[in-house]
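Notes for the one structure printed next.
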Amino acid sequence: MFVDLHTHTTFSDGTYTPTKLVDEYFNLGVSVLAITDHDCVDGVQEALEAAKKYDGKMKIIPGVELSTENDNRPVHILGYYVDVNNKPMLETMAWLRDSRDNRLFKMIDRLAELGFNISVDDCRTEGKTIGRPHVAKALVQAGYFDSVQEAFDKLLHFGGPAYITHAKLSPKEAVDLIHAAGGIAVLAHPSEICDDDMVLELLDSIAFDGIEVYHPANRPDKRLALIKQWANERNLLIGGGTDFHGVPDRFPNKLGIWLVNYDDVKGIIEWK
């Protein structure tokens with residue numbers, strides 16, 4: 001059986017609604033799906049409702065991906081089986097989104113100084129979480145760049161000319177928040193942190209329950225095997241997912257071209 005424990009919907013920076021994601025994945029034979037929007041759990045209920053018509057053949061794991069920062073590096077943390085009505089978590093995520101909104105205005109001003117004229121409305125989305133991907137899409141639509149990736153590479157990457165920081169949790173704060181909401185905390189795509197020493201320090205100093213081993217950023221296989229070794233040495237649960245956004249120039253850009261086997265991540269799936 002195939003599963004995906006890392007996906008994004010229109011409630012953050014994905015292009016698929018939760019219902020569309022559930023329906024299309026079911027048709028591809030995916031049996032377990034986690035909705036892990038950035039700092040938002042609002043899409044989980046829609047996914048649960050959409051899966052009901054499949055009579056238990058599609059399992060939905062309520063999840064979230066929290067944005068944190070450590071030594072000025074972004075560190076994302078996945079929470080699975082969280083209580084989506086947990087008040088402290090909801091309040092913290094609202095604070096994070098407010099910070100993103102404030103950053104958006106500053107980023108628009110910075111871009112204007114650099115000669116890239118887009119508006120705040122150009123970046124708005126039907127979802128609650130607005131981030132750099134929405135700014136990148138607006139820049140592409142305005143004709144400044146050919147792809148979202150190009151916009152990131154030239155302007156929006158960490159430390160780039162138009163990069164603006166915003167309030168974030170520490171990794172420990174995020175892990176504690178997930179645990180308090182009844183969930184398990186998994187370090188997301190460690191290869192994207194681009195600092196293995198930092199990754200190991202985080203794993204050894206914070207009460208993570210797992211680490212995302214199967215992720216497109218963790219290729220090639222030699223790299224994937226190394227991260228799996230870290231998990232086994234620390235008795236951590238092994239996670240995996242596509243990190244699907246539905247963006248044309250971000251792999252995987254289509255559903256079904258990169259999936260995870262149930263048995264490889266069953267520790268997380270069967271945690272409850």
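The values are calculated or read from the model by the stated rules, or taken from the named source; none is laboratory data. In this text, all values refer to a predicted model and were calculated from it rather than measured experimentally. Note that we place each Cβ from the backbone using ideal geometry, even for glycine, and neighbour counts take in every protein chain shown. All accessible areas refer to the heavy atoms of the entire protein, side chains included, with ligands and DNA or RNA removed. Shrake-Rupley method; radii C 1.70, N 1.55, O 1.52, S 1.80 Å.
Let me know the charge dipole size of the range 2-99 about its Cα centre in debye, to the nearest 20, where only the beta-carbon of Lys, Arg (+1) and Asp, Glu (-1) is charged.
My answer is approximately 340 debye.
How long is the gain from T165 to A217 if the chain were fully straight, where each residue apart is worth 0.36 nm and the alpha carbon distance is subtracted?
16.4 nm
How big is the charge dipole of the chain about its Cα centre, in debye rounded to the nearest 20, if each Lys and Arg gets +1 on its Cβ and each Asp and Glu gets -1 on its Cβ?
340 debye
For the range 57-168, what relative contact order do you get, as a whole percent, if you take Cα pairs closer than 8 Å and at least 6 residues apart?
20 percent
Using alpha carbon centroids, what distance separates the range 143-177 and the range 34-111, in Å?
When both Cα centres are located, 16 Å separates them.
List the relative contact order of the range 1-85 as a percent without decimals, with contacts defined as Cα pairs under 8 Å and 6+ residues apart.
Relative contact order of the range 1-85: 27 percent.
If a/c stays under 1.5 just call it rounded; otherwise compare a/b with b/c (prolate if a/b is bigger, oblate if not). Do that for the range 127-247, with a ≥ b ≥ c from the square roots of the Cα gyration tensor eigenvalues.
prolate
For the range 21-27, what does the Karplus curve 6.51 cos²θ - 1.76 cosθ + 1.60, with θ = phi - 60°, yield as ³J(HN,Hα) per residue in whole Hz, taken in order and with x for Gly and Pro?
4, 4, 5, 5, 5, 4, 5
Within the set of other residues whose C-beta is less than 9 Å from the C-beta of V213, count the net charge using Lys and Arg as +1 and Asp and Glu as -1.
Surrounding charge for V213 is -1.
With all protein chains present and a 1.4 Å probe, how do L28, L187 order by accessible area, largest first?
Sorted descending by solvent-accessible area, the residues read L28, L187.
On average, how much accessible surface per residue is there in the chain, in Å², for a 1.4 Å probe, leaving out ligands, DNA and RNA?
44 Å²
Roughly what angle does helix 132-141 make with the longest principal axis of the chain, taking Cα atoms, 0 to 90 degrees, to the nearest 10?
It is inclined by approximately 50 degrees.
Setting aside same-chain residues fewer than 8 positions from K53, which aspartates and glutamates have a Cα under 15 Å from its Cα?
In chain and number order, the partners are D23, E24.
To the nearest 20 debye, what is the magnitude of the charge dipole of the range 185-272 about its Cα centre, counting +1 on the Cβ of each Lys and Arg and -1 on the Cβ of each Asp and Glu?
So the magnitude is around 380 debye.
For G239, which sequence-distant residues (separation of 5 or more, or a different chain) have an amide H within less than 5 Å of its own amide H, given hydrogens modelled in the peptide plane?
Sorted by chain and number, the residues that satisfy this are I211, E212, V213, Y214.
Counting only pairs 8 or more residues apart or on different chains, how many lysine pairs in the range 125-272 have their Cα atoms under 22 Å apart?
So the count of such lysine pairs works out to 7.
Got a sec? Charge dipole of the chain, +1 on Cβ for Lys and Arg, -1 for Asp and Glu; which of L236, Y214, L187 is way out at the positive end?
Y214
Round to the nearest 10 and give me the degree value, 0 to 90, for the angle of helix 196-205's Cα axis relative to the longest principal axis of the chain.
So the inclination is approximately 60 degrees.
With angles folded into 0 to 90 degrees, how steeply does helix 221-233 sit against the dominant principal axis of the chain? Use alpha carbons for both and round to 10.
Once rounded, the angle reads 60 degrees.
Short version: ³J(HN,Hα) in whole Hz for each residue of the range 182-194, in order, from phi by Karplus 6.51 cos²θ - 1.76 cosθ + 1.60 (θ = phi - 60°), x for Gly and Pro, what are they?
Going residue by residue, I get x, x, 10, 10, 10, 5, 7, 4, x, 5, 6, 6, 6 Hz, with x marking Gly and Pro.
Report the relative contact order of the chain, percent, no decimals, based on alpha-carbon pairs under 8 angstrom and at least 6 residues apart.
22 percent
Leaving out ligands, DNA and RNA, what percent of the accessible area of the chain is carbon and sulfur, probe 1.4 Å?
The nonpolar share, carbon plus sulfur, comes to 48 percent.
Put Y262, Y25 in order of accessible area, largest first, 1.4 Å probe: what do you get?
Reading off the accessible areas and sorting them downward yields Y262, Y25.
Tell me which residues come under 5 Å, amide H to amide H, from I61 once H is placed; ignore anything under 5 positions away on its chain.
Close amide H contacts, sequence-distant or interchain: L33, A34, I35.
Can you sort D243, D98 by solvent-accessible area, 1.4 Å probe, largest first?
D98, D243
Can you list the chymotrypsin sites (Phe, Trp or Tyr not before Pro) in the range 89-174 that are in a DSSP coil and have 16 or fewer other beta carbons within 10 angstrom?
Answer by residue number: F158, Y163.
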